[in-house]
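Here the structure is laid out as structure tokens; the discussion comes afterwards.
The values are calculated or read from the model by the stated rules, or taken from the named source; none is laboratory data. Because the structure is a prediction, the values reported are computed rather than measured. Backbone-built Cβ (ideal geometry, glycine too); neighbour counts: all protein chains shown. Only protein heavy atoms, including side chains, enter the accessible area calculation; ligands, DNA and RNA are left aside. Shrake-Rupley method; radii C 1.70, N 1.55, O 1.52, S 1.80 Å.
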Amino acid sequence: EQWITFETAVSVQRADRSRQLQLRREPSGRWLADDCEVEACRGALDVDLGVTPSTNTSAIRRLGLAIGASAELTATWVRFPDLAVQPLPQRYTRLAERTYLYESLRDGVVVFRARLEVDGTGLVERYEGLFERID
């Protein structure tokens, strides 16, 4: 059960309103968003928060891919700023010791891809075109 997401809470504050979301994975594999089941996400092990690469880290660590290997999974994706929750099929391919190719899929077709660079612990330091860790 290491590197499986069990619970997360997010909030969005805008000038005119705020929104919160409590997301929880039960041991049975059911995902609950504010206590309502998201049936399409049943069985997913990972959550993907659309505003941070930190949630890619848990999948990278859990998969433990060898260089050249790939794995597909479905994450429970939280879209921002509306906090909509839906399944998101994904593929990770380990390109080098600290480099991965991340792809999101729709009906088996790649709809988004980015290179991820990680540190020695698997923490995402650079998400191509979107994020870069600054020390």
Of the residues that sit in the stretch 110-130 and are in contact with a helix residue (DSSP H, G or I) (Cβ under 9 Å, 6 or more places away or on another chain) and within 19 Å of Trp77 (Cβ to Cβ), which one is surrounded by the fewest Cβ atoms within 10 Å (Cβ to Cβ)? Tyr127
Unmet requirement for Gly120, which otherwise passes all of (1) part of a loop (DSSP other than H, G, I, E, B); (2) in contact (Cβ under 8 Å) with a residue 24 or more places away in the chain; (3) of a type outside the set (D, E, K, R): (2)
Could you list all residues from the stretch 39-63 that are open to solvent by less than 70 Å² (accessible area, probe 1.4 Å) and either more than 16 Å from the chain's Cα centre (by Cα) or not hydrophobic (A, V, I, L, M, F, W, C) (or both)? Gly43, Asp46, Asp48, Gly50, Thr52, Pro53, Ser54, Thr55, Asn56, Thr57, Ser58, Arg62
Which residue is most open to solvent (accessible area, probe 1.4 Å), if the candidates are limited to the stretch 65-109 and must be without any contact (Cβ under 8 Å) to a residue 24 or more places away in the chain and closer than 13 Å to Ala40 by Cα? Pro89
The stretch 53-97: number of residues that are in a loop (DSSP other than H, G, I, E, B) and in contact with a helix residue (DSSP H, G or I) (Cβ under 6 Å, 6 or more places away or on another chain): 0
Assuming Gln20 fulfils every condition listed in (1) over 15 Å from the mean Cα position of the chain (by Cα); (2) part of a loop (DSSP other than H, G, I, E, B) apart from one, which condition is it? (2)
Residue by residue through the stretch 8-17, note down the ones that are touching a residue at least 12 places away in the same chain (Cβ under 8 Å), open to solvent by 60 Å² or more (accessible area, probe 1.4 Å) and part of a strand (DSSP E or B). Ala9
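Would you confirm whether any residue within the stretch 22-38 is touching a residue at least 60 places away in the same chain (Cβ under 8 Å), of a type in the set (Val, Ile, Thr) and open to solvent by less than 70 Å² (accessible area, probe 1.4 Å)?
Taking every residue of the stretch 22-38 in turn, none turns out to be touching a residue at least 60 places away in the same chain (Cβ under 8 Å), of a type in the set (Val, Ile, Thr) and open to solvent by less than 70 Å² (accessible area, probe 1.4 Å).
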Quick check on the stretch 29-36. Is at least one of its residues out of contact with any Gly (no Cβ under 9 Å at 6 or more places or on another chain), charged (D, E, K, R), closer than 17 Å to Gln86 by Cβ and not in a loop (DSSP other than H, G, I, E, B)? no
